[in-house]
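Each reported figure results from applying straightforward, stated rules to the coordinates on display, with no laboratory input. Every value quoted in this text rests on a predicted model; they were computed, and no experiment measured them. Here the Cβ is made from the backbone with ideal geometry for all residues, glycine too, and neighbour counts use every protein chain on show.
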Amino acid sequence: MKHEPIRTCLGCRARDARSNLVRVVAHAGSLVVDETGRLGGRGGYFHADRACVDTFTRRGGFVRSLGCVVPKPERETFRARFPEVHA
Ligand SMILES: [Zn+2]
């Protein structure tokens, strides 16, 4: 059985296999999706799911665990990018 790293979702706080989560990093003061898994800096993980995106980007967009604000345009980008809510 393959060992998979477990990470905590920034949105729903559930723990899940890293392959089920999207990595973001705080980069130059805003949050960017780490497409390659190679960006440095403080990172977090979340489900590619509207509910989780909304949860971690609301309240002014401050992501406490990353010490980083998600500006409104970025929040809209995230929401547009992950529009589906998992059933
Ligand atoms: Zn989640």
- [ ] Would you check which residues across the range 53-81 are surrounded by fewer than 16 Cβ atoms within 10 Å (Cβ to Cβ) and touching a Cys at 6+ places or on another chain (Cβ under 8 Å) and list them?
- [x] PHE62
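Every residue in the range 1-24 that is over 13 Å from PHE78 (Cα atoms), without any contact (Cβ under 8 Å) to a residue 40 or more places away in the chain and part of a strand (DSSP E or B), please. Steps first, please.
First pass over the range 1-24, keeping only residues over 13 Å from PHE78 (Cα atoms): 1-10, 12-21.
Pick out the ones that are also without any contact (Cβ under 8 Å) to a residue 40 or more places away in the chain and you get 1-8, 13-21.
Result: ILE6, ARG7, THR8, ARG15, ASP16, ALA17.
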Open item on the list: So LEU31 passes all but one of these: (1) in contact (Cβ under 8 Å) with a residue 24 or more places away in the chain; (2) assigned to a loop (DSSP other than H, G, I, E, B). Which condition number does it fail?
Closed with: (2)
Open item on the list: I need the full set of residues from the range 18-33 which are more than 16 Å from the ligand (Cβ to nearest atom) and closer than 18 Å to ALA80 by Cβ, in order please.
Closed with: SER30, VAL32
Task: Criterion: within 16 Å of the ligand (Cβ to nearest atom), surrounded by fewer than 13 Cβ atoms within 10 Å (Cβ to Cβ) and over 9 Å from the mean Cα position of the chain (by Cα) - qualifying residue of ARG38, ARG15, ARG50 - done: ARG15
